[in-house]
Structure formats: structure tokens, C-alpha cells
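First comes the structure, then the notes that go with it.
The values are calculated or read from the model by the stated rules, or taken from the named source; none is laboratory data. Quantities reported herein were computed from a predicted structural model and do not represent experimental measurements. Here the Cβ positions follow ideal geometry from the backbone for every residue, glycine too, while neighbour counts run over all protein chains shown.
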């Protein structure tokens, strides 16, 4: 199987039904022009993983409580995930009905001068996506004659306290932020408008961690379960 063909097939899965491989594919896709034996071994590893989890997919249950029926987002950054180019990895996921409905794991296009800077970039990307997701959810709920999502902000969980404080205060030109483009503080405007509510969460509970870095097997399996992925044999049809 040609390397590019394998990556293309993996990307289709990672973008549509298999968020659990999104980070791995994003990492391998960086070397599409010059793959080495190490990268081929990575492709084989993913093929074995997919074969062993061929019955796994996103499972949406019917929930009556508002907590799981609301749109919720998680944002995180893998700082300097590409140490050779000093580039970080953005990751975010949006949950609805107890399972992931949209996710991204992408290499940032700018060099983050600090972990806080990289977190602001990731949160900016998640905020833009949130605006679209809210409009889509509003249309669906309105068509079904359900309560509008516009009445309350969408919570986006973030684990960087400094980033959350800066989003709360907005862009203030100072020694710490004068080099950061003001556009990355647009999430502050969304928060003022009542569209998003950036809330701190412990790193161990941030589901977006799955999309920013390689994780220990135990942690990986826990996060995969929390974003709503289930084996078919584990689903009760009663």
C-alpha cells in the first residue's frame, strides 16, 4: 500500500468516524513527502489497531438531562509537538448527546512563543468552530421545536489558567502579550457576547488531550471512552 494512499484512507476515518486516531494521523501526515521506515511502522501499527477495534464507533444515547444534551467543547495544545520546527499541536472536540460530534487535531501554522501563546491559538480555533456549531445546533433544535441553544453560552473547557485569565480580560498590550496578534483574543468578544464561556478544567479531565499528544495506554482508553466511543459488543440494545 503506497504511503500517501494509506494516509488518505486514514484521514477519511479520522475526520469522520474515528477521532481516536486523529492525532496519530496528523503526525504521520507531516512526513507524506519523505516517509521513512519509522513512519511505515507507524502506518502498520495503526492498521493493526483499526483491525483490532473494527467494531468500535461513536455511540449516541438518548439523554433527558440538559447536561449531556447541550453543546460542550474542550480545547488543548501539545506545546512544541514538532520540536524540529518549534510548532505546537492544536486539539479540540465538541460533545453533544454524550459523544463527540466534531474534532480536530492540527499542527499550528505559527510558532507559539510560550505554552500560553499556543493555548490562545488553539482556543481561537475552537471558538471559531463553536460559532458554526451553535448556528447548526440552533437550526436543528428550532426545526424540531426545541429550546434554542442561543439562550445560554457554550462552555469550552480549557486547562491553562493564564490563558483563561487573558481571555477574560481581553487584549491588553503589555510586555507579555504585545507580540501576540489581537485576533487570537477574539474569544474574549465571544465570551462578552454570551456565545461561549471559557471554563477551567483539570488537565486530567480535558478530553482534547486526546488530540494533542501521544498518551499512556490507560489514559488513552479512558479518553476514548469519554468521547463516546464504544465497542459494539459493549452496547446494550435493551
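Any residue at all in the stretch 59-73 that's at pLDDT 95 or above, in the same structural domain as residue 191 (by TED's automatic domain parsing) and surrounded by 15 or more Cβ atoms within 10 Å (Cβ to Cβ)? Within the stretch 59-73 (the criterion being at pLDDT 95 or above, in the same structural domain as residue 191 (by TED's automatic domain parsing) and surrounded by 15 or more Cβ atoms within 10 Å (Cβ to Cβ)), the answer is yes, since at least one residue qualifies.
Identify all residues within the stretch 13-47 that are more than 18 Å from the chain's Cα centre (by Cα) and under 21 Å from residue 222 (Cβ atoms); write none if there are none. Answer for the stretch 13-47, where residues must be more than 18 Å from the chain's Cα centre (by Cα) and under 21 Å from residue 222 (Cβ atoms): 45, 46. Can you tell me how many residues within the stretch 153-182 are at pLDDT 90 or above and assigned to a loop (DSSP other than H, G, I, E, B)? So the answer is 3. Given (1) more than 18 Å from the chain's Cα centre (by Cα); (2) under 20 Å from residue 19 (Cβ atoms), where does residue 151 come up short, assuming only one miss? Failing condition for residue 151: (2).
Would you mind finding the one in 194, 112 that is in contact (Cβ under 8 Å) with a residue 12 or more places away in the chain, closer than 17 Å to residue 70 by Cβ and in a loop (DSSP other than H, G, I, E, B)? Don't jump to the end; show me each part of the working.
On the way: 112 fails: closer than 17 Å to residue 70 by Cβ.
The conditions single out 194.
Within the stretch 161-169, one or more residues are in contact (Cβ under 8 Å) with a residue 40 or more places away in the chain, touching a strand residue (DSSP E or B) at 6+ places or on another chain (Cβ under 6 Å) and more than 30 Å from residue 61 (Cβ to Cβ). Checked against (1) without any contact (Cβ under 8 Å) to a residue 40 or more places away in the chain; (2) in a loop (DSSP other than H, G, I, E, B), residue 141 meets all criteria but (2). Scanning the stretch 188-221 for residues that are surrounded by 15 or more Cβ atoms within 10 Å (Cβ to Cβ) and farther than 16 Å from residue 91 by Cα, we see that the one that is nearest to the chain's Cα centre (by Cα) is 196.
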